[in-house]
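Visitor: To start, I am sharing the structure in question, which I have written as structure tokens.
The values are calculated or read from the model by the stated rules, or taken from the named source; none is laboratory data. Everything numeric here is computed off the predicted structure, so don't read it as measured data. With ideal geometry, Cβ positions are generated from the backbone for all residues, glycine too; neighbour counts draw on all protein chains shown. Protein only, heavy atoms only, side chains kept; ligands, DNA and RNA dropped before computing areas. Shrake-Rupley method; radii C 1.70, N 1.55, O 1.52, S 1.80 Å.
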Amino acid sequence: MVISANLGFPRIGPRRELKTALERYWSGEIGDGELLAAGRAIRRENWARQAALGLHHIPSNDFSFYDHVLDMATTVGAVPSRYRELGTGLPAYFAMARGTGSGRDLPPLHLTKWFDTNYHYLVPELDAGQEFGLESTKPVDEFLEGRALGIHTRPVLLGPVSFLLLGRTRDGHTEPITLLDGLLPVYESLLERLAAAGADWVQLDEPCLAWDPQPRVMRALPLAYERLAQAAPALRLLLATYFAGVAEHLPALCRLPIHALHLDLVQAPDQLEPALAAAPANLSLSLGLVDGRNVWRTDLDRALLVLERACDRLGGDRVLVAPSCSLLHAPIDVDLETGLDLELRSWLAFAIQKLREVSLLVSGIRHGREAVARALAESREAVRARRESPRVHDAAVGRRVAAISADMLRRSSPYPERRLRQQASLGLPLFPTTTIGSFPQTREVRAARAAVRNGRVRPADYDRFACAEIERAVRIQEEIGLDVLVHGECERADMVEFFAERLNGFAPTEHGWVQSYGSRCVRPPILFGDVSRREPMTVRWSRHAQSLTAKPVKGMLTGPLTLALWSFVRDDQPLALTCRQLALALRDEVADLETAGIRVIQIDEPAFRQGLPPGPETRKAYLAWAVEAFRLASSGVRDDTQLHVHMCYSDFNDVLEAIMEMDADVLAIEASRSGMRVLEAFRRYRYPREVGPGVYDVHSPRVPGTDEILDRLREALRLVPADRLWVNPDCGLKTRHWDEARPALVALVTAARRLRGEA
Ligand code: GLN
Ligand code: ZN
């Protein structure tokens, strides 16, 4: 009989209970006991909900107090020695996640993006001769905890291969996968213990196998899984791949000694047929038919057809149905979104609704379509309504997209000419100083925004407040002596939400939070329809700031890719087309800023690297349209308008060529944490533009001194010609306090001036 399954449930709680508990714990308000109890409460509620939905395979060990990769690192004893003195309890765990002390004396593990999602995991730090040992029984404990509640769960483990591939060796050249032999015994004893505790299925997540694995990884795989299979022969192992297809590796994966293979049929529907052909008689397939990381309702008719086809080929006993990936990336419950109109809400499915869809599909196949006829009809109607809705399709947007011409993707003159014109019009000194956009979001700034939002303050009064705040920011910058000023972004709570609220085609949610990392959650807006701009979005604030000063004020926009990737984006058209629509709306904003007298415009694309798919061919295609969208948004400006692009949050080395293709005049890029490593690559490519490698790590409360900044700049000067170097922080200062930001900027300006003296 077909089985319904889930790969992972959101762990933050429907009201962000995890965040609340963590913050209280970190502030010392509650102790270990209460935090652990909060975790148990979330797990119990998650299990109860999934059981009530009739799910057969309910995951355990999908919960985490911070991150599941960190959990696996502590479970297998991959704990760097610097944390050892803190023991093995929660303080050590959180030290690895966040560092210790206000000055962060003990630095945390490196945080980075989880594949192409906006979730961040902690990168396991491994030694060349790393020894592993089972140091935590969390997976077993949580299985037993579920059992005590009457819920028989399917424990989830990050698989050994992916665990290593997601890690990094301290020496930088030992390949983590070479540590597999030493790691496997820990997994073996973990599986033995799970079997002894009564588990029958165990899910091993191996997303790296869908992410263009190296040949040596594929070679190591059969033996590794042979050992795991033998460790606990009674256990059924389900190997889960997701976020992409496993491509040519499918036959090899089908030959592994596992009971089931999970495939993401939302990202890669085409892998079903080859899988049906390749699956040996003792292998079940878990079909990821419900999109685990987006918010749209499933086309159940279509999914049922796929499911029927799989059952015909394999027999129902060899089929499982599940979301495409863990629901970690989905908000929890659409029924909480009472602020959305009914029509839009009827198109959506969050985690709970997705599991209901999984259950429905399984009922439909077990008991026949008639048994679920009503639910099917309702779903069909919602899918149809969305497909045909005039709210989704705007003919004017379609016409504009169709009229995009090649010259709209090009600046009027090549860079050397633009550079001369910009030099003449801006008159900037050597090593110009600037910031990335936002200034500290003080309590007053946040309170004012909240007040106008809920009607406690009149818009006119709010405007006066914002104008005063902008004036304050301008004066501070003048005082400090920065060269290119910003207005400070006090009107924006979030760089995506702000634009989403002002563009047609987007809708906000009230409770649609998803975990970004640890206690940090984001609430991506829903991009449901064709995008267009109602009216200028940022111009008044930038114009006001420019009216207060003779120095150039930089206009500040979020780029098309970041707006799309940090939203729940429509799945009824290619992402490239959605980005083109966004780019057209931004292009109008760019033009209006220029007309308003703004001579420097920065477009932020921190998500540029995030969307990179696996595999060289798909990568090339992605980069081509991503660059094109950026150019469409930006290249309508005059030669003497200086265009900046800002990027952060990732390592950009493998997309540098694409960054050059974006053809911005100045690149402001995060670099202080990577120790200017990124610039090495710039030299290799002879980056022919101006660059501002961040010299102040804004994510740390530490205030850098002048000498330290000077050191970084001198280092940069070995790689970037003096007349191309800008001086700026890594990113926006919104999370800092003024008493950190101001002295840091003073140090930054002082360093630039000293360097000018030397030049
Ligand atoms: N302009 C934005 C800011 O300063 C950029 C934020 C980002 O890149 N993440 O806040
Ligand atoms: Zn940034």
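Visitor: Could you please state, rounded to a whole Å, how far the C-alpha centre of the range 587-613 is from the C-alpha centre of the range 157-197?
Guide: So the two Cα centres are separated by 43 Å.
Visitor: Summing Lys, Arg as +1 and Asp, Glu as -1, what charge do residues with Cβ under 12 Å from the Cβ of Ala585 carry, Ala585 excluded? List each step's numbers first, then the result.
Guide: Numbers: positive: Arg400, Arg502, Arg533, Arg534, Arg580, Arg587; negative: Asp394, Asp530, Glu535, Asp588, Glu589, Asp592.
So the surrounding residues net to 0.
Visitor: May I pose another question? Averaged over all directions, how much area does the convex hull of the C-alpha atoms of the range 570-710 cover when projected, in nm²? Each step should come with its number before you reach the end.
Guide: Values: hull surface 41.5 nm².
In nm², the orientation-averaged hull projection of the range 570-710 is 10.4.
Visitor: Can you report the principal axis dimensions of the range 82-188 using only the alpha carbons, biggest first, rounded to whole angstrom?
Guide: 45, 36, 32
Visitor: A follow-up question, please. At a probe size of 1.4 Å, how large is the accessible area of His393, to the nearest 10 Å²?
Guide: Taking all protein chains as shown, His393 has close to 90 Å².
Visitor: For the range 451-570, take every pair of Cα atoms, bin their distances at 5 Å starting from 0, and report each bin as a whole percent.
Guide: 2, 10, 17, 18, 17, 16, 13, 6, 1, 0
Visitor: Under the rule of -39500 (n - 2.57) per DSSP H run of 4 or more residues, summed and divided by the residues of the chain, what mean residue ellipticity at 222 nm is obtained, to the nearest 500 deg cm²/dmol? Walk me through the intermediate numbers first.
Guide: Details: 28 runs with 330 residues, N = 759.
Calculated at 222 nm, the ellipticity per residue is -13500 deg cm²/dmol.
Visitor: List the lysines whose alpha-carbon lies under 30 Å from that of Lys113, not counting same-chain residues fewer than 8 positions away?
Guide: Lys19, Lys138, Lys354, Lys554, Lys620, Lys734
Visitor: Cα centroid distance between the range 363-437 and the range 322-356, in Å?
Guide: The range 363-437 and the range 322-356 have Cα centres spaced 22 Å from each other.
Visitor: Continuing with the same structure: Residues with beta-carbon under 12 Å from that of Arg369, excluding Arg369: net charge, scoring Lys, Arg +1 and Asp, Glu -1?
Guide: Numbers: positive: Arg366, Arg374, Arg380; negative: Asp301, Glu308, Glu370.
So the environment of Arg369 carries a net charge of 0.
Visitor: Per residue, how big is the convex hull around the C-alpha atoms of the chain? Give it to me in cubic angstrom, could you?
Guide: Numbers: hull volume 118.8 nm³, N = 759.
Spelled out: Cα convex hull of the chain, divided by residues, is 156 Å³.
Visitor: When all protein chains stay in place, what accessible area (Å², nearest 10, 1.4 Å probe) is found for Cys579?
Guide: Only protein atoms counted, so the area is about 0 Å².
Visitor: If we count every other residue with Cβ under 10 angstrom of Arg724's Cβ, Lys/Arg +1 and Asp/Glu -1, where does the sum land?
Guide: It works out to a net charge of 0.
Visitor: Name the long-range amide H neighbours of Asp205: under 5 Å, sequence gap of 5 or more, or other chain; modelled H, no Pro or chain starts.
Guide: The list, which skips near neighbours in sequence, is Leu157, Leu158, Gly159, Ala240.
Visitor: If packing is taken as the average number of other Cβ atoms within 10 Å across a peptide's residues, how do 146-154, 517-525 rank, most packed first? Numbers along the way, then the final one.
Guide: Numbers: 146-154: 17.6, 517-525: 19.1.
So the order, starting with the most tightly packed, is 517-525, 146-154.
Visitor: So which trypsin sites (Lys or Arg not before Pro) in the range 527-568 pass both tests, a DSSP loop state and at most 15 other Cβ atoms within 10 Å of the Cβ?
Guide: Loop-located and lightly packed - Arg534.
Visitor: Could you state the angle between the C-alpha long axis of helix 180-197 and the longest principal axis of the C-alpha atoms of the chain, as a value from 0 to 90 degrees rounded to the nearest 10?
Guide: Value to nearest ten degrees: 50.
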